[in-house]
Amino acid sequence: MYSSIVIVVIVIFFLSTSIRILNEYERGVIFRLGRVIKAKGPGIIILIPFVDQMVKVSLRLIVIDVDPQDVITRDNVSVKVNAVIYFRVIDTVKAVVEVENYQYAMTQLAQTTIRSICGQGELDDLLSEREKINSQIQEILDTHTDPWGIKVATVELKHIDLPQEMQRAMAKQAEAERERRAKIINAEGEQQAATKLAEAAQIIGDYPMALQLRYLQTMREMSSEQNTTTIFPVPIDMFRPFLDIAKAIASHEKAD
């Protein structure tokens, strides 16, 4: 009876120390007496007690939020840059053997790379060419982490914090740019209007009756608005005979 109990205890201990169950997204790197055997999983894994040791590695996409980094751009502007990195483990054996803590190593490498790449460009490039900067950072990280068995999927600059003085200066610059565009548009409108008026004046000069028709149209528009005062435009040509007579009398008196 006592021997049966001992056997049951030994079997239970053996099963508890030798059987491991890995999920679909997990792999286990097996070390036997300190040497790497291979990566196993998913499912049931049987280990030799006191001989085998297993290190679990997740194959899911891992997201790292990089802390804001102080960056001085090429035009001497101090900004804080925050980024997010998406990566996954491709080779589980390398991820365990080649680097002690691949997540911590990835974080430190990302911080130094962000400071280096963002510091090489000017502030305008940093704000307007994010896609290009993201690609450069991703390429550098992917090159350095390839020996670790890690694939960098995406790098995104999440936030660029500008100093208050720079934000006010950029706001003034944007306002000045909008005023400049408004003045240019207004000047172009005046130029186009002047061109059309010149063409209209040329047509009226060729056809004097067009001016009389325009007078009549203006009077019709004014009468439709129920105004208490009506202005009647009189052509200067109606007074030309009287002006000629006045000039003739004045010249005759001057001759006498």
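Just so it is clear, none of the values below were taken in a lab; they were calculated from the coordinates. Model, not experiment: these values are computed from the prediction. Glycine also receives a Cβ, built like all others from the backbone with ideal geometry; neighbour counts cover every protein chain displayed.
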Whole-Hz Karplus couplings 3J(HN,Hα) for the stretch 186-192, θ = phi - 60° and coefficients 6.51, -1.76, 1.60, Gly and Pro as x, run 5, 5, 5, x, 5, 5, 5
Starting from the Kirkwood Rh over alpha-carbon pairs, what translational D in µm² s⁻¹ does the stretch 2-58 have by Stokes-Einstein at 4 °C and 1.567 mPa s?
106
Tabulate in residue order the Karplus-calculated ³J(HN,Hα) for the stretch 199-207, using 6.51 cos²θ - 1.76 cosθ + 1.60 with θ = phi - 60°, rounded to whole Hz; enter x for Gly and Pro.
5, 5, 5, 5, 5, 5, x, 6, 10
Using only the alpha-carbon atoms, what does the stretch 62-162 span along each of its principal axes? Please give whole angstrom values in decreasing order.
44, 20, 18
Work out from phi, with θ = phi - 60° and the Karplus expression 6.51 cos²θ - 1.76 cosθ + 1.60, the ³J(HN,Hα) of each residue of the stretch 19-27, listed in order in whole Hz, and give x for Gly and Pro.
9, 10, 10, 10, 6, 4, 8, 10, 10
Taking 23 Å as the cut-off for C-alpha to C-alpha distance, list the pairs among K56/K151; K56/K94; K132/K158; K132/K183; K40/K94; K80/K151 that go past it.
K132/K183; K80/K151
Where the centroid of each part is defined by its Cα atoms, how far is the stretch 83-119 from the stretch 20-66 in Å?
20
If we count other beta carbons within 10 Å of each Cβ, what is the order of M219, M54, fewest first?
M219, M54
For T195, T218, T113, order by how many other beta-carbon atoms lie within 10 Å, fewest first
T195, T218, T113
